[in-house]
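**Student:** I have a structure here, written as structure tokens, and I will follow up with some questions on it.
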Amino acid sequence: MNNIYIEAKKIGSALALCGIMSSAFTFISCEDMLTVDNDDKIYANANDTVYSYFGILKSVQNITERQVVLGELRGDLVNTTKYVTDTLYAIANFDDPQDGSCSMLSLRNYYNVINNCNLYIANVDTSAVKSNVKYMIPEFAQVCAIRAWTYLMLVQNYGEVPFITQPVKSLDVIEDYNTTKNTVNKDNLIDEILATGLGDLIDTDYPNYGNWDNGAVSISARKAIFPIRLILGDMYLLRGSSDTDYRNAAKLYYDYLNKTAGIVTTEYCTAIKNKGRVSTTDEEYSYRCDNSWGIWARQYTQLESSECITAIPSSANRQFGTMLTRVADIFGFTPTSSQSTQVTESTDGTGANEASTSGAITVVPNYKSQTCPSGAYYTINKSQSYIYYDLNLTNPLRIEYDSGDARYGFSCEQYTFDGEPFMLCSKAASTTTFYYTIPVYRRTLVWLRLAEAINRAGFPQMAFAILKDGLCEDNMPKHAVRYSVHVALDELGDTLRNDSDEIIYQTDTIPYIKLNSFGAMYYVDSYELDNFFLSFTDNTWDGNYGIHARGCGFGEWPAPTVGNIRTNISGYGDTITYDYSTLIINQGYDPQVSAEAITAVENLIVDELALELAFEGYRFTDLVRIANHKIQAGEKGAEWLAGKIADRGISINPYKGTRTGERDEALYQKLLKKENWYFSLPQ
């Protein structure tokens, strides 16, 4: 492992110096479509291909930041300010800026990744054997996964793009290439990718290259792994043409979480536990953030190993490789890189001195930020509620606080310039702290996409349970009604069984209710309970919590005592705070009508995606994908998406039906046309 670590350090530094060892092309005209560099070579062993593989990762660095910027500028959670550049303003307002008009728009960079992958796949010897093991297969599988992921990004950004799986070495390759027929879009991407054989590699072991020393921190090379199950799941979810697609996506997400024991633990709530103050006299509540920002930030950086699945690393300065500072810069933080060299006396007796070099990126808030959190983002956070309970008093105490979701305070930060406050999107940086990765996949993202898939597959109550309680043996509903022992017996009927901690009662009115150990109830009808196709009853899922707890707290059973603040997203027997039926009815839907329940739960998932994943680059593509779900189901998906984005500058409480501000009508009309959801390919 030490040798691997040393080699990886050399490679990590070499990424700044080595060119992409393959061809790159751009769509300009048929003759000028490709720019060719003929220094390709045959890669026959690991020592050769590792440089090509890390060259591919370097080319991925060139597209990762723009995925964040493009995904957030076009969504509903970010507004541009008066300081925004013309090109970023054009992106945010769907003016279809020309390819190459700014650093965030370059189709060439995506196809540079793809052509690197194609060259590798065509030339690597996957039959090479060492110690009876085909040792090149793990790296080969990852290159195939990166190519598939890059096509997924292209389809999400451009709608339909040319699909090329052979390496481009000369312009002769495209003489007979039909760019009209050889294309992929959301409807055929999964089929074309499966035809390349990626599905056969789904259980391939990951390669291990030790760690990268980026000059400031040591980052595990395993953090740059792209899980094939997640990529294929995303493609099925993107197509979403039938229940089969949704079930296939759900099964792939489920299998990944199952194999990695990927539960949502109480650690996710650390940033908000014990950070509040309750006064029973004036009902005063405030955040006490302490060091919570660091705890929360680590959830999606390389520093938090359990949450972060895939992340692309940044270097501390150019000597160590590519610096990924554009996201922090656009979101309002001015980055500065530095370098230092330490000289120490040699310990080998030669008398020679040894020098070691390190670097760092620091950031400072910039009041001339090009972006800021939108009004829509503020109000979706503010619309959430905390509930405080103390049942140990003679008269049980219940206080509801309209403090909003705690994640807002840790995803946005307020600064003051000349006495005027301004807000910054602070996930990429905070005060003087720069985070050295750009996340691609993290665990909570997978859970939310699982909820999205099983909801559209016809199981809205199970999907809601992922948000509220977390699916596990303790939380899975049974064919019984469970009530707390505090409920009087004569109100419920005959006792079926009496345990030390619960009583199960028989009733004909509500056949399926589960009261979990935290007092949180949700309802599941007979169809869902009997036909649900995923199992959460083994001990893999023990201790799984609901995602909404990350921002609004989790309950504790028995109830908390005074002075030991705990929040409960459902409340003890509470039916108004985060309750399935209430939240559906508040949207104007009928929870007893399956299609309406699916739509309403999907809207709750969209809200949770905003609360959890804001400013990480997923927002616009999430909205487009879900709008397509609605269109496929016969709903007005285009109107829904257009309204979301055109309303981003105003305040809307989706649970109370209140609006403050005016819709951007011109933007709304523009987004009613699906072709405006995508960038145009260069002509």
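Computed from the coordinates by the stated procedures, all read-outs in this text should not be read as laboratory data. The structure presented is a predicted model; accordingly, all values stated were derived computationally and were not measured. We place every Cβ from the backbone using ideal geometry, glycine too, and count neighbours over all the protein chains shown.
**Student:** If you stretched the chain out fully between E675 and Y89, how much longer would it get, using 0.36 nm times the residue separation minus the C-alpha to C-alpha distance? Can you show the working numbers first?
**Tutor:** Details: separation 586, 0.36 × 586 = 210.96 nm, distance 1.89 nm.
In short, 209.1 nm is gained.
**Student:** Next question, about the same structure. Just to confirm a number: summing +1 for Lys and Arg and -1 for Asp and Glu over residues other than E473 whose beta-carbon lies under 10 angstrom from that of E473, what do you get? Mind dumping the intermediate values first?
**Tutor:** On the way: positive: none; negative: D474, D538, D542.
Around E473, the charge tally is -3.
**Student:** Going through the cross-link list K82/K644; K181/K670; K186/K630; K644/K674, which pairs have a Cα-Cα distance over 19 Å in this structure? Could you put the intermediate results ahead of the total?
**Tutor:** Working: K82/K644 22 Å; K181/K670 28 Å; K186/K630 15 Å; K644/K674 14 Å.
K82/K644; K181/K670, as the Cα separations exceed 19 Å there.
**Student:** Another one. Treating only the Cβ of Lys, Arg, Asp and Glu as charged (+1, +1, -1, -1), what charge dipole size does region 111-229 show about its Cα centre? Round to the nearest 20 debye.
**Tutor:** Numbers: 9 positive and 13 negative charges, 77 e Å.
Here the size comes out at about 360 debye.
**Student:** Report the local net charge at Y246: Lys and Arg +1, Asp and Glu -1, summed over other residues whose C-beta lies under 9 Å from its C-beta.
**Tutor:** Numbers: positive: R247, R456; negative: D243, D245, E452.
Charge balance near Y246 sits at -1.
**Student:** Estimate the FRET efficiency between E639 and S131 by the formula 1/(1 + (r/R0)^6), using the beta-carbon distance for r and 56 Å for R0, to the nearest 0.05.
**Tutor:** Details: r = 60 Å, r/R0 = 1.07.
Working from the Cβ atoms, E equals 0.40.
**Student:** With Cβ to Cβ distances under 13 Å as the rule, what net charge do the other residues near K186 carry (K, R +1; D, E -1)? Before the final figure, lay out the partial values.
**Tutor:** On the way: positive: R239, R625, K674; negative: E160, D187, D191, E192, D234, D245.
Surrounding charge for K186 is -3.
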